[in-house]
Structure formats: structure tokens, C-alpha cells
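Report on one structure; see the data block that follows.
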Amino acid sequence: MLIVSYDFANDKTRTRFAKFLKKYGWRMQYSVFVVKNSPRILRNILTEIDARYQKLIKDTDSIVIFPVCLSCKGKIIRYGCARHELDNVVYFE
């Protein structure tokens, strides 16, 4: 699992980056995404950042990628609606 946090002062760049991350994961918070980790996915994300976003990053902007190992993933403490993230959902029609 990867946690990707970002902050862009430019609204257009911030929106484009969020849409880009939605292809790989889901939004945990407004500027924080959870991404399923694999070497290929991480490589794709880094390649895209280098190719499209690196030149748009200003001194006040940031992108931070936190890898979360499998043993640490089980130690995450969740409160509020976040505690239901791992629950299986069953729909009845």
C-alpha cells in the first residue's frame, strides 16, 4: 500500500493530479490517496510525476509518497468512517 499526499497552490494542477491518482487508488482525505502497491504501479506513478508534474511543482507545492509495508498495514489505527474502509459490503436487491 502507498499513501500519496499532495498539495498544489494551482487549482488546475491539483485537480489534474487528483484525477490522475484516481486511476490507481481511492481518496482517503481531500489531498491524500491510498494506492495499491506494486513495483509496476509505483513506477507508473513516478514516471507520470517526472513527465507531467515535475515542471509544474513550485516552491510551495509538494508530493509525498509513503510506502506502507504489509506488517505495518495491520497496525494502522482508524477512527470514524475510516474504520469501515476494510469492511466487506454486501448489497441485496
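Here are a few things to note about the model shown:
- Among the residues making up the stretch 54-64, those that are modelled with pLDDT of 95 or more and either closer than 19 Å to ARG78 by Cβ or surrounded by 11 or more Cβ atoms within 10 Å (Cβ to Cβ) (or both) are ASP61, SER62, ILE63.
- Matching residues, the stretch 5-53, being part of a strand (DSSP E or B), surrounded by 11 or more Cβ atoms within 10 Å (Cβ to Cβ) and not charged (D, E, K, R): SER5, TYR6, GLY25, TRP26, MET28, VAL32, PHE33, VAL34, VAL35
- Pairs linking a residue in the stretch 1-25 that is over 14 Å from PHE66 (Cβ atoms) to a residue that is among the hydroxyl-bearing types (Ser, Thr, Tyr), with Cβ atoms under 6 Å and 6 or more positions apart or on different chains, are ASP7/SER31; ASP7/SER62; ALA9/THR60; PHE17/TYR6.
Conditions tested, residue by residue: (1) under 28 Å from ARG78 (Cα atoms); (2) modelled with pLDDT under 95.
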position	(1), (2)
ILE3	yes, yes
TYR6	yes, no
ALA18	yes, no
MET28	yes, yes
VAL35	yes, yes
SER38	yes, yes
THR47	no, no
ALA51	no, no
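The values are calculated or read from the model by the stated rules, or taken from the named source; none is laboratory data. Since we're looking at a predicted model, the values are computed, not measured. Here Cβ is always computed from backbone atoms with ideal geometry, including for glycine, and neighbour counts include all displayed protein chains.
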